[in-house]
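The values are calculated or read from the model by the stated rules, or taken from the named source; none is laboratory data. All figures in this text were calculated on a predicted structure; none of them were measured in a lab. Cβ sites come from the backbone with ideal geometry, for glycine too, and all protein chains shown count toward neighbours. Remember, those area values only see protein heavy atoms, side chains included, never the ligands or the DNA or RNA. Shrake-Rupley method; radii C 1.70, N 1.55, O 1.52, S 1.80 Å.
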Amino acid sequence: MATALDHGRFTVAWGCVGLAETCLRTAAGHAADRVQGGTRLAGHQAVRALLGRSLADVTAAREVCARAAALRAGGDPGAVAGTVLAKYVAAGAAAAVADRAGQVLGAAGCAADSPVGRFFRDAKVMRIIEGADEVAEQQLGGYALRWRP
């Protein structure tokens, strides 16, 4: 059962990376194309900052997931901790990036047929399934108490 949970967390983590990347690409495309008040959304510093934070979150989530994959592939004893961390970081990134993408898209991001709106809701689910954030934080805290630089 523990193996199934670990594998579930691992796949959820990578799914969150894909979700976050899709939201970022959608928001960046919208910002590059949408003109409001004679200015492209991408020309606003606040919009560029939202996209920049999202890029940082997506990149960090991808790297943590890749590290978890390497630990799992190598049979490392820290693989389970790596997977918990990957799921936690990636789910948080998915939620944050989906939220920012909705902000960039405005009303278009809230429309019933909006992929970003669906991903925003899905990201909340990702923070709960295969171990809620609070469970992961407890586990990660336990790992941190044993961690030595």
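Some observations on this one:
- Dipole orientation for segment 1-88: of the candidates Ala56, Ala32, Gly74, Ala32 has the Cα lying most toward the positive pole (charges on Cβ; Lys, Arg +1; Asp, Glu -1).
- Here the 3J(HN,Hα) profile of segment 124-129, calculated from phi with Karplus coefficients 6.51, -1.76 and 1.60 at θ = phi - 60°, is 5, 4, 4, 6, 10, 5 Hz, Gly and Pro shown as x.
- For the pair segment 34-50 and segment 93-149, the centres of their Cα atoms are 25 angstrom apart.
- With protein chains left intact and a 1.4 Å probe, residues in segment 96-135 average 56 Å² of accessible area per residue.
- Remark: the chain carries a charge dipole of roughly 280 debye about the Cα centre, counting +1 on each Lys and Arg Cβ and -1 on each Asp and Glu Cβ.
- Per-bin percent of Cα-Cα distances, segment 65-149 [10 Å]: 18, 36, 27, 15, 4
- Overall form of the chain per C-alpha gyration tensor (a/c, 1.5; a/b vs b/c): prolate
- Residue-by-residue Karplus 3J(HN,Hα) for segment 3-12, coefficients 6.51, -1.76, 1.60, Hz, glycine and proline x: 5, 5, 5, 4, 5, x, 4, 4, 5, 5
- Integer Hz, Karplus 6.51/-1.76/1.60 couplings in order for segment 59-76, x for Gly and Pro: 5, 4, 4, 4, 5, 5, 5, 5, 5, 4, 4, 5, 4, 5, 5, x, x, 5
- Taking every DSSP helix (H) stretch of at least 4 residues in the chain, weighting each as -39,500 (n - 2.57) and dividing the sum by the residue count yields a mean residue ellipticity at 222 nm of -27000 deg cm²/dmol.
- The chain, relative contact order [Cα under 8 Å, separation at least 6], %: 31
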